[in-house]
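Engineer: Could you have a look at this structure, given as structure tokens, before my questions?
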Amino acid sequence: MSDKFPLTVLNEEYGESAYHPLIQPIHSAITTLAEELATPAFETTIIMSGNLTASVDRRGKEKDFSPERLGGQVAGKTFPVDPTDYSRVDVILDAGMMAPDPDGLQQGMFVHLLAHELGHAVIGRQRTTCGDAPTAQRNDPSGMAGVYGLEVVDEWRCDRLADIVLGGMVTAEVVDGEPVPARYGYLVPDSGQAELRQILDQAVHPAWPELVWSYRVGQTDLASMWEKLQEQTKQVFVCLAHAEAKALGAGQPSPLSQVAGHLGADLYLSPAWSRIMQVVEPQPILSHHSEFHTHQNEVFRVCQSAIAHMWACLGITRRPTDDGQVYLDVTEPME
Ligand SMILES: [Zn+2]
């Protein structure tokens, strides 16, 4: 075990399992990469939890934590012990959801999950040691678009990274019975597109323009409408990032391109996503420490403009006031 990246494994409401022998090799793959990227040292505690909510609550890191999300459930959670430096990180995995006697598929999904969470640890450590992270006022659409965009791109990066770790540890049979490095998209084919279509129907169109209209006709107040739209934007783009990264890793067509024609995709998600990916895809999946700050600023800026433009299509724009505040303008959404 590395001195620079020590690892502790804890079981909470959970016993030793067939997954445990996989933990150290996954951690080792990620920290080898972290070392190559000149990531400063950090300590990891991996908690195999039989009760995710209880394990998260016990650490007091997230108020009213619930694993439910648009498009599914959270299976793991990565928290810095001190959010300002990520020198110690807790990775909590929902072991209660995992099959007690895993087959190859379930082991592969575990590798992907843990590698993904450890990717967050590396990114968090890089981010908090490379200079000031961009911040924003909650009522400023452009700034918040950048902040959410960074979170969304982190999810994409962690999935891409997890696929590489998975391929290094597990093989899959795709064509002619020849074993090839596994990818999430081989293990769980076509998951992204169906999920994305469901989210578009359920949460994006007509839901987003209707939400804006509900404010315009006085059925909801500005703050509630704006909070809800921001939260949903983040969750929808996180689902999109997972779907796109998994398909890309497996050489499958983009799930977003396959839902073309859905107004939620055509008006809102596709224009924003394609602009963001034009900046993200040419960058390394994880940046070297010396380049992290520059790459992050490039991503922040493109997300600012791409997501703020999407909100503008929904009728929401910002106007600075004379006293240095931001005023939200709400006009008719494009639908
Ligand atoms: Zn994640």
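The values are calculated or read from the model by the stated rules, or taken from the named source; none is laboratory data. From a predicted model like this one, the values you see are computed outputs, not experimental measurements. Cβ atoms come from the backbone with ideal geometry, glycine included; neighbour counts cover every protein chain shown.
Engineer: What is the one condition in (1) of a type in the set (A, V, I, L, M, F, W, C); (2) more than 16 Å from the ligand (Cβ to nearest atom); (3) in contact (Cβ under 8 Å) with a residue 12 or more places away in the chain that ILE123 does not satisfy?
Structural biologist: (2)
Engineer: Considering only the range 100-126, state which residues are surrounded by fewer than 19 Cβ atoms within 10 Å (Cβ to Cβ), assigned to a helix (DSSP H, G or I) and not small (Gly, Ala, Ser).
Structural biologist: Listed by number, the residues that qualify are LEU105, GLN106.
Engineer: Going by what's in this entry, would GLN73 be described as within 28 Å of LEU240 (Cβ to Cβ), more than 16 Å from the ligand (Cβ to nearest atom) and touching a helix residue (DSSP H, G or I) at 6+ places or on another chain (Cβ under 8 Å)?
Structural biologist: The answer is no for GLN73.
Engineer: For the condition within 15 Å of the ligand (Cβ to nearest atom), in a helix (DSSP H, G or I), over 13 Å from the mean Cα position of the chain (by Cα) and at pLDDT 90 or above, what is the one hit in ASP163, ASP159, ASP154, ASP90?
Structural biologist: One residue alone meets the criteria, ASP163.
Engineer: Now for a different question. Identify the single condition in (1) more than 16 Å from the ligand (Cβ to nearest atom); (2) part of a loop (DSSP other than H, G, I, E, B); (3) in contact (Cβ under 8 Å) with a residue 40 or more places away in the chain that LYS4 does not satisfy, given that it satisfies every other one.
Structural biologist: (3)
Engineer: Hey, another quick one. Go through the range 164-214 and give me each residue that's surrounded by fewer than 21 Cβ atoms within 10 Å (Cβ to Cβ), under 30 Å from SER28 (Cα atoms) and among the hydroxyl-bearing types (Ser, Thr, Tyr).
Structural biologist: If the condition is that a residue be surrounded by fewer than 21 Cβ atoms within 10 Å (Cβ to Cβ), under 30 Å from SER28 (Cα atoms) and among the hydroxyl-bearing types (Ser, Thr, Tyr), then THR171, SER191 are the ones that fit.
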